[in-house]
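What follows draws every value from the coordinates through simple rules; no lab data is involved. Computed from a prediction, not measured in an experiment: that's the story for all the values here. With ideal geometry, Cβ positions are generated from the backbone for all residues, glycine too; neighbour counts draw on all protein chains shown.
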Amino acid sequence: MSEPVHTHYRVIYGDTDQMQVVYYANYLRFAELGRNEYIRAKGLPYKEIEQRFRIHLPVVEANLRYLHSARYDDLLRIETSIKEVRRASLTFQYRVCRAADDRVLVEGHTAHACITFEGRPTRLPEEVVSRLD
């Protein structure tokens with residue numbers, strides 16, 4: 001597993017439900033934010049991956065385990081790392097923590113296929129693998 005990249009995000013009112021608790025599906029958005037910042041921190045932003053290598057990395061599996069609630073105005077730390085790299089797929093791992101007390105709120109992962117712009121599975125480019133892992 002790779003070293004995690006930390007991304008911070010402050011919960012806005014629009015992220016919450018009537019009880020000012022973060023709506024469960026928004027954690028997938030937080031995972032996407034963490035994933036994009038992880039890739040950017042490795043020097044190969046996702047937009048560049050698409051343009052240079054003509055591939056997409058769609059989510060084919062998502063799993064989140066909810067441990068504690070985040071609330072309006074909490075500062076979150078999204079810890080993102082690579083869990084696994086295979087020939088034509090990769091898996092990111094996430095931990096969402098409340099920055100104020102380091103409490104782990106959510107843990108999970110997303111698995112991504114590597115496909116061409118035409119939608120066909122393809123091998124992950126070696127440069128992408130070496131940069132991300």
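For the chain, the spread of Cα coordinates along the three principal axes comes to 44, 27, 22 Å, biggest extent given first. Here the label points at Glu50 and Tyr23, each 7 Å from Cα along the C-beta direction, are separated by 2.4 nm in the simple model. Here the calculated FRET efficiency for Thr116 and Leu67, from their Cβ-Cβ distance with R0 = 30 Å, stands at 0.20, rounded to the nearest 0.05.
What does the net charge come to around Ala99 if you take all other residues with beta carbon closer than 10 Å to its beta carbon, with K and R at +1 and D and E at -1? All intermediate terms of the calculation are to be shown ahead of the outcome.
Working: positive: Arg10, Arg77, Arg98, Arg103; negative: Asp74, Asp101, Asp102.
Taking every Cβ under 10 Å from that of Ala99, the sum is +1.
Taking the dipole about the Cα centre of the chain, with the C-beta of Lys and Arg at +1 and of Asp and Glu at -1, give me whichever of Ala70, Ala25, Val59 is farthest to the positive side. Projecting each Cα onto the dipole axis, the largest value belongs to Val59. For Thr7, the shell of other residues with beta-carbons less than 10 Å away shows a net charge of +1, using +1 for Lys and Arg and -1 for Asp and Glu.
With 10 angstrom as the radius, rank Leu76, Leu28 by how many other C-beta atoms surround their C-beta, starting from the fewest. Walk me through the numbers before you get to the answer.
Values: Leu76 23, Leu28 16.
Least to most surrounded, the residues fall as Leu28, Leu76.
The Cβ shell under 10 Å around Thr122 holds other residues with a net charge of +3, Lys and Arg each +1, Asp and Glu each -1.
How much length would be gained if the chain were fully extended between Val104 and Tyr13, taking 0.36 nm per residue of separation minus their Cα-Cα distance, in nm to one decimal?
Contour length minus the Cα-Cα distance gives 30.7 nm.
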